[in-house]
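The structure under discussion appears below in the form of structure tokens.
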Amino acid sequence: MTPAGRRNGNGRSEEDAALERARAAIDALPRRKDQLLPALQEAQHALGWVTREAIEHVHRHTRVPLSEIYATATAYSELRLEAPVPGRWHVCTGVSCDLAGAAALLEAAPERTARIDCQFLCALAPVVVDARERLFGRMTPEALRARLEAEAAAATPQPPVRRRARSGTRTRRRPS
Amino acid sequence: MTRFPPTAALHALREAHPAPARPRVLLHLGTCGEAVGAPSAREALREVLGARAPWVVEAACDGACWAAPAATVVREGHVHRHPRLDDGGGDAVAACLDACCDAEGYAGTGERGLTARMGRNDGSLGDALAQGAYAAIAHAITRPAAETIEAIERARLTGRGGGHFPVPTKWKLVAAHGGEKWLLVNAEEGEPGVFKDRHLIEGDPHRLIEGILLACHATGVTRAVVYINGQARNARAAFERALADARAAGIVDGDALGRRIEAAIEVRSGAGGYVCGEESVIMNSVEGERPVPRYKPPFATDHGLFRWPTIINNAETLCAVTTVFDETPPPTKLIPLSGAVPRPGLYEVPVDGATTWAGVLAMAGASPGRASAVLLGGPSGRFVPPAEFDRPLEMRALGAGGAVVLPRDADIAKITRDLAAYNMRESCGECTPCREGTARLVELLADPGANRARIDEVIEVMTEASLCQLGGLAGRPVASALAEFPVAFE
């Protein structure tokens, strides 16, 4: 399995540094089986996802067999065993968000968004999650497009970054 | 607050950790505020307040999620929440501070009970103490352990995670064991539509610590693991900060309350998965095993975490334990309410009394006539039809409390299929009835008219034979929708 990490220009060294951080965080945990999930979470925190190298390190540190680590890691919906798609946002499709227009949000930016299960922010539906796992509530298609555009503009070095108002938070009130 | 006068130890604690000066403006940030621009609202508010900007302090959501981003003015004799600061409102806050305001108190619930301090404090130990934190444990610790359990019995406290098992029964079973005993706090809260434990811990973490200490005092438990939903990062941070403060003050691992309570408290984060709310799954998760349910018996009270006798309580349950010495103790239930209501949020409502769904809807500003149903309990729940809106709420029937109000034009057949598909995705596969049943149910729902008899059969097998309640209750919303809203499937 080849890790499909975040590689660009000098990406390899960036990735190595992240792996070093992950290893250090894992090494700081007690060498016990009950530290398996915390170790995997440290790996994901440092690397953005749980890479093969990280799993091998967790295996060496906790002495849990690789097959068991995979069985456990794949059981948790929040652990990522593949590199996240850069810039991919998620639209919550829980019942409240669905009622409040999640489908329209997915349609507003189909190539930049994917659905995700309940994010437990139901009182502020509909909810989206950005690529850095920040939550935004009471979202509208227009506000979502504006945020995605602003993010894309900020990601490219030029032209000058347009500062947009935080329009995503000023949205219509929900129907009663 | 407890009806007992503060003990000398509590008095000394309050002196050592004085309450912050008033007046002040509590800006409700937290997960809710942050998701709707409260940080920008803070800057705008500071600008309007000028020299009084330092009066603005950060608090979590107080349960009025609908009002976010909001700020609450607290000054002598006046507590007033100002909603939706993204629509302006800074001037009203300033006027309110100048005493040019005649509005009354809070909208909604939570002036007493277990949400009394939630989101109404600045996160400091002093503020929590001034609002009554640790008064229950300070009193309980001066009395025999059995008195705490008796008080819980008098309050008829049951498990608020959904099972509604009597708390004293569980505590006594564990207390009867010698040797090492554990407490597992279930704050995984992975049920879609539920956001109560996250609010409680984010907005009033000292209440959960106090509940843990009460359990340790009453049962001889000395080790506690608090298992918090992986996405509730603010809740975990708030809890860890409060725990560090309580340790530094000698409340945890010290004798500041007058007598030392042994309580080694450890925090763990979940990593998703509806099944992880099931108590035996959490035990496996904490031990580093694959997160699947265990066979019962043995029960956790005999053979739990790391094989030690273990109390497993929901976070809301332990928070409710802190109120059993109050003038008017529970039963109240936290109801996370969302969907088609003008004021969605977290409501603490008295149950087993006069409160009805119509009353809850009215609290949230909705007219009962405009709702087609209340989805109660999400993927494990049922559709409460309008015919039941006027019946009193029963604690046992509320599950974990998550309620989504469906508008008149809601597509109940689609919602039912979505819930069935969710259960299929979340089934851990450990037992056949759930692994196969959840998938069959999705297939059969393609044509519920023709498959009605087989749907009932599959649900019966899942209900009777599943290893845990994910499978055991997976057919419940389907059966409820078909029974109450047959027209929706035609």
Most packed first (mean Cβ within 10 Å per residue), the peptides A:50-61, B:74-85 order as A:50-61, B:74-85
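Pairs of Cα atoms under 8 Å, at least six residues apart: use those to get the relative contact order of region A:89-155, whole percent. List each step's numbers first, then the result.
Details: 98 pairs, mean separation 23.1, N = 67.
Once normalised by length, the contact order is 34 percent.
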Spelling it out for B:A373: with amide H atoms placed in the peptide plane at 1.01 Å from N, the residues 5 or more places away or on another chain with amide H under 5 Å from its amide H are B:L406
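What number, in percent, do you get for the relative contact order of chain B if the mean sequence gap of Cα pairs under 8 Å and at least 6 apart is divided by its residue count? Please list the in-between numbers first.
Numbers: 1014 pairs, mean separation 71.4, N = 490.
It comes to 15 percent, rounded to a whole number.
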Under the rule rounded for a/c under 1.5, else prolate if a/b exceeds b/c, else oblate, using alpha carbon gyration tensor axes a ≥ b ≥ c, the protein assembly as shown is classed as rounded
log10 I(q)/I(0) for region A:1-155, Debye formula on C-alpha points only (no solvent), q = 0.13 Å⁻¹, two decimals, reads -0.71
Residues whose built amide H sits under 5 Å from the amide H of B:S269, excluding neighbours closer than 5 in sequence, are B:I228
Hydrodynamic radius by Kirkwood for region A:14-75, inverse mean 1/r across distinct Cα pairs, in Å, is 11.1
Sorted on mean Cβ neighbours within 10 Å (highest first), peptides A:22-33, A:131-142 come out as A:131-142, A:22-33
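Let me confirm one metric for peptide A:72-83, namely the mean number of other chain beta-carbon atoms within 10 Å of its residues' beta-carbons. All intermediate terms of the calculation are to be shown ahead of the outcome.
On the way: counts 8, 2, 1, 15, 9, 10, 9, 4, 0, 0, 0, 0.
The mean count of partner-chain Cβ atoms within 10 Å per residue comes to 5.
List the relative contact order of region A:14-75 as a percent without decimals, with contacts defined as Cα pairs under 8 Å and 6+ residues apart.
35
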Taking B:201-214, A:102-115 and ranking on average Cβ neighbours within 10 Å, highest first, one gets B:201-214, A:102-115
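What shape does chain B have by the C-alpha gyration tensor, where a ≥ b ≥ c are the square roots of the eigenvalues, rounded means a/c under 1.5, and otherwise prolate means a/b greater than b/c and oblate the rest? Provide the component values of the computation, followed by the final result.
Numbers: a/c = 1.98, a/b = 1.21, b/c = 1.64.
Judged from the Cα gyration tensor, chain B comes out oblate (a/c at least 1.5, b/c at or above a/b).
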Quick calc, A:E56 & B:R247: beta-carbon distance into FRET formula, R0 51 Å, rounding 0.05, result 0.90
Listed by chain and number, the residues whose amide H is under 5 Å from that of A:S77, excluding neighbours fewer than 5 places away on the same chain and using placed H, are B:G273
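Calculate the dipole size of the protein assembly as shown relative to its Cα centre from +1 charges on Lys and Arg beta carbons and -1 charges on Asp and Glu beta carbons; express the result in debye to the nearest 20. Display every interim value, and only then the final one.
Details: 78 positive and 81 negative charges, 161 e Å.
In total the dipole reaches around 780 debye.
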Taking a ≥ b ≥ c as the square roots of the Cα gyration tensor eigenvalues, with a/c under 1.5 meaning rounded and otherwise prolate when a/b beats b/c or oblate if not, region B:191-270 comes out prolate
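Past 31 Å, Cα to Cα: identify those pairs from A:K33/B:K170; A:K33/B:K414; B:K172/B:K196; B:K296/B:K414, in the order given. Walk me through the numbers on the way to the answer.
Working: A:K33/B:K170 28 Å; A:K33/B:K414 42 Å; B:K172/B:K196 27 Å; B:K296/B:K414 35 Å.
Listed pairs above 31 Å: A:K33/B:K414; B:K296/B:K414.
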Here, B:A16 and B:A99, labelled 7 Å along Cα→Cβ, have an inter-label distance in nm of 3.7
Between the modelled labels at A:E78 and A:A146 (7 Å from Cα along Cα→Cβ) the distance in nm is 3.1
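For a Förster distance of 35 Å, can you work out the FRET efficiency between the beta-carbons of B:R370 and B:E443, rounded to the nearest 0.05? All intermediate terms of the calculation are to be shown ahead of the outcome.
Values: r = 34 Å, r/R0 = 0.98.
Given R0 = 35 Å and the Cβ-Cβ separation, E is 0.55.
Based on Cβ point charges of +1 for Lys and Arg and -1 for Asp and Glu, what charge dipole magnitude is obtained for chain B about its Cα centre, in debye rounded to the nearest 20? Working shown, then result.
On the way: 50 positive and 60 negative charges, 111 e Å.
With Lys and Arg at +1 and Asp and Glu at -1, about 540 debye.
I'd like the FRET efficiency for B:T222 and B:R391, computed as 1/(1 + (r/R0)^6) with the beta carbon distance as r and R0 of 51 Å, rounded to 0.05.
Details: r = 44 Å, r/R0 = 0.86.
Given R0 = 51 Å and the Cβ-Cβ separation, E is 0.70.
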Checked against the positive end of the charge dipole of chain B (+1 on Cβ of Lys and Arg, -1 on Cβ of Asp and Glu, about the Cα centre), the farthest of B:T322, B:T355, B:P448 is B:T322
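What value, in deg cm²/dmol to 500, does the helix sum -39500 (n - 2.57) over DSSP H runs of n ≥ 4 give at 222 nm once divided by the residues of chain B? Provide the component values of the computation, followed by the final result.
On the way: 19 runs with 187 residues, N = 490.
Taken over chain B, the calculation gives -11000 deg cm²/dmol.
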Site B:K172, offset 7 angstrom along Cα→Cβ, radius 20 Å on amide nitrogen, limited to region B:191-214, gives B:214
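Can you give the average number of partner chain beta-carbon atoms within 10 Å of each beta-carbon in peptide B:266-272, as a whole number?
Working: counts 1, 0, 5, 4, 5, 12, 6.
For this peptide, the per-residue mean of nearby foreign Cβ atoms is 5.
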About its Cα centre, region A:89-155 carries a charge dipole, from +1 on Lys and Arg Cβ atoms and -1 on Asp and Glu Cβ atoms, whose size in debye to the nearest 20 is 120
In nm, the gap between the two label points placed 7 Å beyond Cα toward Cβ at A:R31 and A:L66 is 2.0
Taking only C-alpha positions in region A:89-155, Rg and Dmax in angstrom work out to 10.7, 33
Per principal axis, largest first, the Cα atoms of region B:373-490 extend in Å by 39, 33, 21
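Let me know the mean shielding of B:186-198 by other chains, meaning the per-residue number of their Cβ atoms within 10 Å of its Cβ. Before the final figure, lay out the partial values.
On the way: counts 0, 0, 0, 1, 4, 2, 11, 7, 3, 7, 1, 1, 2.
Going residue by residue through B:186-198 and averaging, the value is 3.
Computed from the coordinates by the stated procedures, all read-outs in this text should not be read as laboratory data. Note that the coordinates shown come from a computational prediction; the quantities given were computed from them, not determined experimentally. Note that we place each Cβ from the backbone using ideal geometry, even for glycine, and neighbour counts take in every protein chain shown.
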